[in-house]
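Working notes, beginning with the structure itself.
Coordinate-derived values only; no laboratory data. Just so it is clear, the structure is predicted and the values come from calculations on it, not from any experiment. Positions of Cβ are backbone-derived with ideal geometry, glycine not excepted, and every protein chain shown enters the neighbour counts.
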Amino acid sequence: MLLEEEKIQILKLITDGLTYNEIGKLFSKDSRTIGKIAAKAGFHRKPRVKKDLSTTICSRCGISFVQAKHKRTYCAKCLHKQVAKRRNNNFVYFIRDKLGHIKSHANINNIKYNLTIDYIIGLWESYKGLCFYTDIPMIWGAGKGTDKMTVSVDRIIPENGYTIGNVVLCGLRINIIKQDVSLSEMKDWMPGWFLKIQQYIK
């Protein structure tokens, strides 16, 4: 959490013309956090100036689309199809994408994070693809984000963050049920799950 003194320094840097990204690097925070502080203080971003963008034909589907500065030869719809295909065919790619979202969420909310792709894949393999709490097979892939048994990452002790040794893989529905339940609450309310955690962290 930022101290009030630090917030005052941030607002001073904003008035000095530094960007949110530049200020974020100075305080080891992401630009969204700096933006929230600025918004609460009444600062507003200058409206973006629209640059002249050219249109081109998608090399994959043949539809005309606005070409952005990176000069991609295919449209956003085809890009999303490509990403979905990779997520469905490659578990490593799927996990990398999931961890990217978790890391972003952790950074924004000041939650500890040090997970790696290899560590999560190791958990998946050691569980043989089964939910840690229920032993029900989990699923993965694009378009399955709301399925109750989609693989999700659960923090054993919520305040310890997404850190190695403090996470397990479980079905999304199970994770939602557990939420931020403490170990003492789990012992009283979910004794079967608590026993599994107790054996896991020994």
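Assorted remarks:
- With Cα atoms, 0 to 90° folded angle of helix 191-200 axis to the chain main axis: 80
- Within region 109-126, backbone nitrogen closer than 14 Å to the virtual label 7 Å beyond the Cα of Y200 toward Cβ: 120-126
- Among G42, I156, N89 - extreme Cα towards positive end, dipole of the chain, charges at beta-carbon: N89
- In this simple spin-label approximation, V83 and A39 carry label points 7 Å from Cα along the Cα→Cβ vector, and these lie 2.1 nm apart.
- Against the chain, whose longest principal axis comes from its Cα atoms, helix 76-89 is set at around 20 degrees.
- The modelled label-to-label distance for the pair V92/L26, using points 7 Å beyond Cα in the direction of Cβ, is 4.1 nm.
- Across the cross-link table entries K98/K178; K40/K112; K7/K77; K98/K196; K148/K196, which are compared at the Cα atoms, the separations over 30 Å belong to K7/K77.
- Tilt relative to the chain, helix 117-127 - C-alpha long axis, 0 to 90 degrees, to 10: 30
- Among C78, C170, the order by Cβ neighbours within 10 angstrom, fewest to most, reads C78, C170.
- Approximating the spin labels as points 7 Å out from Cα along Cα→Cβ, the H105-to-N160 distance works out to 1.9 nm.
- Annotation: extensible slack from E185 through I63 equals 38.4 nm (criterion: 0.36 nm per residue apart, minus Cα-Cα distance).
- Think of it as helices only: each DSSP H run of n ≥ 4 in the chain is worth -39500 (n - 2.57), and spread over all residues that comes to -14500 deg cm²/dmol at 222 nm.
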